[in-house]
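The values are calculated or read from the model by the stated rules, or taken from the named source; none is laboratory data. Model, not experiment: these values are computed from the prediction. Backbone-built Cβ (ideal geometry, glycine too); neighbour counts: all protein chains shown. What goes into the accessible areas is simple: the full protein's heavy atoms, side chains included, and nothing from ligands, DNA or RNA. Shrake-Rupley method; radii C 1.70, N 1.55, O 1.52, S 1.80 Å.
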Amino acid sequence: MKSRYISPIALLPFLLLILNLLAARPVKSIDAAGSNADTEYIRSSCASTLYPDVCYSSLSRYAGEVKKDPNLLAQVAISESLLRIRKMAAYLSNLTEQAGNGPAAVLHDCASNFERAEEQIGDSFKQMNGSNPSGLQMSNVQTWMSAALTDQGTCTDGLEEVEDFPLKSDVKRRTTHVKKVTSNALALVNSFVNQKAT
């Protein structure tokens, strides 16, 4: 009897499904990978942000990886912001194709804003991807992340100025949440910069 050869490529969808399921585990189960001290470090660090609850809920899953390293925490926060911005840009781009003439313009502007923000946060992550980023690198990160936050704010401001349309409240809710995640990431970057300076 011939043995059946299974191509690794054929297994790719199955492997991706497993990775997605692992990534979607509840925060509580992932917290177990880190000690109480690790999760408390995340909580205390998030207390310095504008949206501490959002900060803790999005970052506590990384407690075991971050330990008490402010550099790693800032990197993880930037990565989380980048992931959400990418999803938001794709969501807005898809909505633009389906929208009528009125909301299409503001949705197109929002999609462009989030695409720029994605590039800026991506550049920020590359600058931070090291054990000891320089002062110049950190200055670049702060500048780019502030610009990304401004771009996201431009989107939310634009939504306030147009008449209601289907899914407007959902778009506002999503964009506002992503903006909060980015704001928190910038706050953690600033905290890391301050710690490096002392």
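Checking residue 7 against (1) open to solvent by less than 60 Å² (accessible area, probe 1.4 Å); (2) touching a helix residue (DSSP H, G or I) at 6+ places or on another chain (Cβ under 8 Å); (3) at pLDDT below 90, only one condition comes out false. Which one?
Going through (1) open to solvent by less than 60 Å² (accessible area, probe 1.4 Å); (2) touching a helix residue (DSSP H, G or I) at 6+ places or on another chain (Cβ under 8 Å); (3) at pLDDT below 90 one by one, residue 7 breaks only (2).
Does residue 96 satisfy the criteria of being modelled with pLDDT of 80 or more, surrounded by 12 or more Cβ atoms within 10 Å (Cβ to Cβ) and farther than 30 Å from residue 197 by Cα?
yes
Take the residues in the range 160-198 that are in contact with a Lys or Arg (Cβ under 9 Å, 6 or more places away or on another chain) and modelled with pLDDT under 95; name whichever of them is least open to solvent (accessible area, probe 1.4 Å).
Going through the qualifying residues, I end up with 162.
For the structure I just gave you, tell me whether residue 124 is within 29 Å of residue 165 (Cα to Cα), of a type outside the set (Phe, Trp, Tyr), in contact (Cβ under 8 Å) with a residue 12 or more places away in the chain and buried (at least 21 other Cβ atoms within 10 Å of the Cβ). Can you show your working first?
Numbers: within 29 Å of residue 165 (Cα to Cα): no; of a type outside the set (Phe, Trp, Tyr): yes; in contact (Cβ under 8 Å) with a residue 12 or more places away in the chain: yes; buried (at least 21 other Cβ atoms within 10 Å of the Cβ): yes.
No; evaluated as a whole, the condition is false for this residue.
Here is a check on your reading of the model: is residue 151 on the phi < 0 side of the Ramachandran plot and at pLDDT below 95? Can you show your working first?
Details: on the phi < 0 side of the Ramachandran plot: yes; at pLDDT below 95: no.
Criteria not met by residue 151.
Conditions first: (1) farther than 16 Å from residue 87 by Cβ; (2) open to solvent by less than 20 Å² (accessible area, probe 1.4 Å). Residue 142 passes all but one, so which condition is the exception?
So residue 142 meets the others, but not (2).
Every residue in the range 171-198 that is hydrophobic (A, V, I, L, M, F, W, C) and in contact (Cβ under 8 Å) with a residue 12 or more places away in the chain, please.
Within the range 171-198, 171, 178, 181, 185, 186, 187, 188, 189, 192, 193 meet the criteria.
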